[in-house]
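The values are calculated or read from the model by the stated rules, or taken from the named source; none is laboratory data. It should be emphasised that the depicted structure is a prediction, and the values quoted were computed from it without experimental measurement. For neighbour counting, all protein chains shown are included, and Cβ atoms are generated from backbone atoms with ideal geometry for every residue, glycine included. The accessibility values were calculated without ligands, DNA or RNA, using every heavy atom of the protein model including side chains. Shrake-Rupley method; radii C 1.70, N 1.55, O 1.52, S 1.80 Å.
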Amino acid sequence: MMSRNKVIIGATLCTVLLLSCTSTTRIEEWKSERVADLRQGSVVARTAAGLVEYAVIGEGSVSILESHGSMSTYREAVVMGEQFTQYGIRMICPSRPGYLRTPLSTGKTAEEQADTFAALLDNLNIESVIMIGASGGGPSALYFAWKYPDRCEKLILISAVIEPLLYEELNVVQRFMMKRALSDRAGYRNYHRLEDEPRKAIERLFPDSAGKILE
């Protein structure tokens with residue numbers, strides 16, 4: 001009996017391990033495909049602050065630069081900018097340091113990220129912009145407005161974080177939950193939920209504002 005139980009337990013563990021490996025492989029393939037798609041829509045510039053990935057869409061005398069939110073990339077600003085370009089607005093869409101192809105070394109702090117935006121504008125020969133700070137991109141947008149007032153025509157904050165959340169200040173449980181929420185597995189799951197059941201996914205991700213989003 002004991003031997004039989006060991007066999008059952010061993011077979012169960014092997015099955016779980018096999019399913020886990022298969023799932024991990026599928027997630028890695030999905031991630032590689034998404035990253036490859038994103039890279040096709042951007043370029044990387046060597047600026048005075050370091051390497052910066054960005055895209056520019058539209059043409060016009062008015063320029064907007066978005067400091068995108070957490071768990072995002074330059075693509076967030078591109079999607080927003082597609083609503084503006086018909087009005088003669090140029091949208092500058094960088095990936096903040098630590099996201100996609102902009103290395104974290106380009107700007108580890110919110111203030112350094114503001115310097116990154118200024119350096120990118122120098123590369124593009126753009127004197128001033130309307131700055132948008134969305135969600136986690138709020139602190140670097142605020143620093144840009146404070147540090148470069150002559151280059152910031154207006155500052156727009158959208159559900160913006162005002163004070164950066166420091167990982168070192170989180171307790172063990174908060175760190176675990178953050179790592180779980182930011183994992184490739186969570187991204188894969190949420191991506192397919194939005195594709196397969198968009199209404200249900202939005203209600204789950206944004207329980208307090210789902211009704212307005214879905215209107």
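Here are the numbers for the structure shown:
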{"quantity": "Test: residue in segment 66-78 that is in contact (Cβ under 8 Å) with a residue 12 or more places away in the chain and more than 19 Å from ILE158 (Cα to Cα)", "calculated": "no"}
{"quantity": "Set VAL79, VAL35, VAL44: member being in contact with a Lys or Arg (Cβ under 6 Å, 6 or more places away or on another chain), of a type in the set (A, V, I, L, M) and over 23 Å from SER128 (Cβ atoms)", "calculated": "VAL44"}
{"quantity": "All positions within segment 28-37 that are open to solvent by less than 70 Å² (accessible area, probe 1.4 Å) and either farther than 29 Å from TYR74 by Cβ or at pLDDT 80 or above (or both)", "calculated": "ALA36"}
{"quantity": "Among (1) open to solvent by 50 Å² or more (accessible area, probe 1.4 Å); (2) under 30 Å from ILE64 (Cβ atoms), the one test that PHE176 misses", "calculated": "(2)"}
{"quantity": "Tally of residues being in a loop (DSSP other than H, G, I, E, B) and either in contact with a His (Cβ under 6 Å, 6 or more places away or on another chain) or in contact (Cβ under 8 Å) with a residue 60 or more places away in the chain (or both) across segment 102-139", "calculated": "3"}
{"quantity": "Selection within segment 102-113 - closer than 21 Å to ILE64 by Cα and open to solvent by 50 Å² or more (accessible area, probe 1.4 Å)", "calculated": "GLU111, GLU112"}
{"quantity": "Breaking point among (1) touching a strand residue (DSSP E or B) at 6+ places or on another chain (Cβ under 6 Å); (2) assigned to a loop (DSSP other than H, G, I, E, B), for ALA145", "calculated": "(2)"}
{"quantity": "Scan of segment 139-169 for residues that are surrounded by 11 or more Cβ atoms within 10 Å (Cβ to Cβ) and at pLDDT below 85, ordered by number", "calculated": "PRO164, LEU165"}
{"quantity": "Single residue of segment 60-98 satisfying the filter (in contact with an Asp or Glu (Cβ under 9 Å, 6 or more places away or on another chain), within 26 Å of LEU182 (Cα to Cα) and in a loop (DSSP other than H, G, I, E, B)) that is most open to solvent (accessible area, probe 1.4 Å)", "calculated": "THR73"}
{"quantity": "Flag for SER95 being under 25 Å from ILE162 (Cβ atoms), of a type in the set (Gly, Ala, Ser) and at pLDDT 95 or above", "calculated": "yes"}
